[in-house]
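Novice: Here you go, one structure.
The values are calculated or read from the model by the stated rules, or taken from the named source; none is laboratory data. Everything quoted here is computed from the prediction, not taken from an experiment. Cβ placement follows ideal geometry from the backbone for every residue including glycine, while neighbour counts extend to all protein chains displayed. Accessible surface areas use protein heavy atoms only, side chains included; no ligands, DNA or RNA. Shrake-Rupley method; radii C 1.70, N 1.55, O 1.52, S 1.80 Å.
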Amino acid sequence: MAGQHTVEFSDADFDEAVLQSTQPVVVDFWAEWCGPCKALGPVIDELATEYHGKAKVGKLNTDLSPKVSVRFSVSAIPTVILFNKGEVVQKFVGLRGKKDFQAAINTVLGAK
């Protein structure tokens, strides 16, 4: 279950919600059966709360939305991609720590 500020993305709304967003967007590509994905879930929820109003943070279930996963060459999960102005800024493959994501988001936001 996602946190209250964590957005659920899908094939149907991805272009509008992510690529056309005026804010940076962090997308966690995951699946229900993926153990490392479940371990990453609370970190994604924390980021969503921490950056609420500054960046969108959400999840895309690769089993339910395979088109976006193929489009962005997601071949292993978890994969987290940071988008800004419709472009891929950074792609993290595998389980990573919260500080890695914070550093990337802060760089895009112009923070230290």
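Novice: Taking the Cα atoms of the chain, report the difference between the largest and smallest coordinate on each principal axis, in whole Å and largest first.
Specialist: 35, 27, 24
Novice: Then there is this: Hey, what's the chain come to in accessible area per residue, 1.4 Å probe, Å²? Let's see the in-between values first.
Specialist: Working: 5980 Å² over 112 residues.
Averaged over the residues of the chain, the accessible area is 53 Å².
Novice: Taking only DSSP H segments of four or more residues, each worth -39500 (n - 2.57), what value at 222 nm results for the chain once the sum is divided by all its residues, to the nearest 500 deg cm²/dmol?
Specialist: Details: 3 runs with 34 residues, N = 112.
My calculation for the chain gives -9500 deg cm²/dmol from helical runs alone.
Novice: With a 1.4 Å probe and all protein chains in place, put L64, L95, L19, L109 in order of accessible area, largest first. Write down the numbers at each step before the final one.
Specialist: Details: L64 135, L95 100, L19 35, L109 65 Å².
The most accessible residue leads, giving L64, L95, L109, L19.
Novice: Shifting gears a bit: Provide the solvent-accessible area of R96, counting protein heavy atoms only and rolling a 1.4 Å probe, rounded to the nearest 10 Å².
Specialist: Using a 1.4 Å probe on the heavy atoms, I get roughly 90 Å².
Novice: Of G97, A55, W30, whose Cα points farthest to the positive end of the dipole of the chain (charges on the beta-carbon: +1 Lys, Arg; -1 Asp, Glu; origin at the Cα centre)?
Specialist: Of the listed residues, the answer is G97.
Novice: Right, here's the next one. Tell me, what % of the accessible area of the chain is carbon and sulfur with a 1.4 angstrom probe? Write out the running numbers ahead of the final one.
Specialist: Details: 3200 of 5980 Å².
Answer for the chain: carbon and sulfur cover 53 percent of the accessible area.
Novice: Pop out the ³J(HN,Hα) list for segment 50-62 in order, Karplus 6.51 cos²θ - 1.76 cosθ + 1.60 with θ = phi - 60°, rounded to Hz; leave Gly and Pro as x.
Specialist: Going residue by residue, I get 4, 9, 3, x, 10, 8, 8, 10, x, 10, 10, 6, 5 Hz, with x marking Gly and Pro.
Novice: Considering only the other residues whose Cβ falls under 14 Å of the Cβ of N61, what net charge follows from Lys and Arg at +1 and Asp and Glu at -1? Display every interim value, and only then the final one.
Specialist: On the way: positive: K38, K59, K67; negative: E8, D11, D13, D28, E32, D63.
Around N61, the charge tally is -3.
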